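Input: a single structure, listed below in structure tokens.
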Amino acid sequence: MQVWMLQAAALVLLASCAVPAGNGGLSGAATPNVQGIYQGSYTYGGAYQKLAGQTVSFEISLKQARGSSNITGVIKEAYTGSGVLKDGYVWSNVSGTCVSESGYIHLKFRKTYRHSKEPPVLYQGSLPPGSALLSGTWYLQDKTSDSGMFQISNMQVQ
């Protein structure tokens, strides 16, 4: 009876030392935690004629359960013609993933405007090892020519 209990305890111990679920399928990679409130900006690409090159600042608040690669959050930004003003800002919900590979942190998320029927915007960016500046591109899913660059500064990884 004691041998069976020891074997069961060893299995539980081994399972608890495994790589956390939700590591984006990366073998042996720990799941980075980027939970926090950050400042960022995005720039309109050339397809936006009148807005091309214009940079818009935003605040992004990210939440992430420990050990999970899934992120959720909220973006608060100035009005530039997309979305609907509410309390002086345009508000969006965020959902996506955060994974680590070869020292880089990769963030992918979908921004869905609140109070508006604007199409969701997809963001994809990377944080190099030792950096606090995540940068990448944003685009509309159904119209990838409508795109631009974005960055999130002072990104802290736990």
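The values are calculated or read from the model by the stated rules, or taken from the named source; none is laboratory data. Computed from a predicted structure; not experimentally measured. When we count neighbours, we look across all protein chains shown, and the Cβ atoms used for this are built from the backbone with ideal geometry, even at glycine.
Within the range 43-69, can you find the residues that are under 15 Å from Q158 (Cβ atoms) and of a type in the set (S, T, Y)?
Once the filter is applied, which keeps residues that are under 15 Å from Q158 (Cβ atoms) and of a type in the set (S, T, Y), the range 43-69 yields S68, S69.
If you take the residues of the range 79-113 that are among the charged types (D, E, K, R) and more than 18 Å from the chain's Cα centre (by Cα), which of them is surrounded by the fewest Cβ atoms within 10 Å (Cβ to Cβ)?
D87
Provide a single number: the residues in the range 99-125 that are assigned to a strand (DSSP E or B) and more than 16 Å from W138 (Cβ to Cβ).
Total meeting the criteria: 5.
What are the residues in the range 105-138 that are under 19 Å from T31 (Cβ atoms) and touching a Pro at 6+ places or on another chain (Cβ under 6 Å), if any?
Scanning the range 105-138 gives a single hit, I105.
Among the small types (G, A, S), at pLDDT 95 or above and within 22 Å of A52 (Cα to Cα) - does that describe any residue in the range 129-143?
yes
Within the range 106-116, is even one residue at pLDDT below 90 and not small (G, A, S)?
Yes: the range 106-116 contains one or more residues that are at pLDDT below 90 and not small (G, A, S).
Quick one: which residue in S95, S69, S147 is free of Cβ contacts under 8 Å to residues at least 40 places away in the same chain and among the polar types (S, T, N, Q)?
Result of the check over S95, S69, S147: S95.
Could you list, in sequence order, all residues of the range 144-155 that are closer than 17 Å to V74 by Cα and either at pLDDT 95 or above or surrounded by fewer than 12 Cβ atoms within 10 Å (Cβ to Cβ) (or both)?
Within the range 144-155, F150, Q151, I152, S153 meet the criteria.
Looking at (1) free of Cβ contacts under 8 Å to residues at least 60 places away in the same chain; (2) over 20 Å from Q158 (Cα atoms); (3) of a type in the set (S, T, N, Q), which is the only condition S102 fails?
Unmet condition: (2).
Criterion first (surrounded by fewer than 17 Cβ atoms within 10 Å (Cβ to Cβ) and in a loop (DSSP other than H, G, I, E, B)) does G130 satisfy it?
Criteria met by G130.
Looking at (1) in contact with a Leu (Cβ under 7 Å, 6 or more places away or on another chain); (2) loosely packed, with under 14 Cβ neighbours inside 10 Å, which is the only condition W138 fails?
(2)
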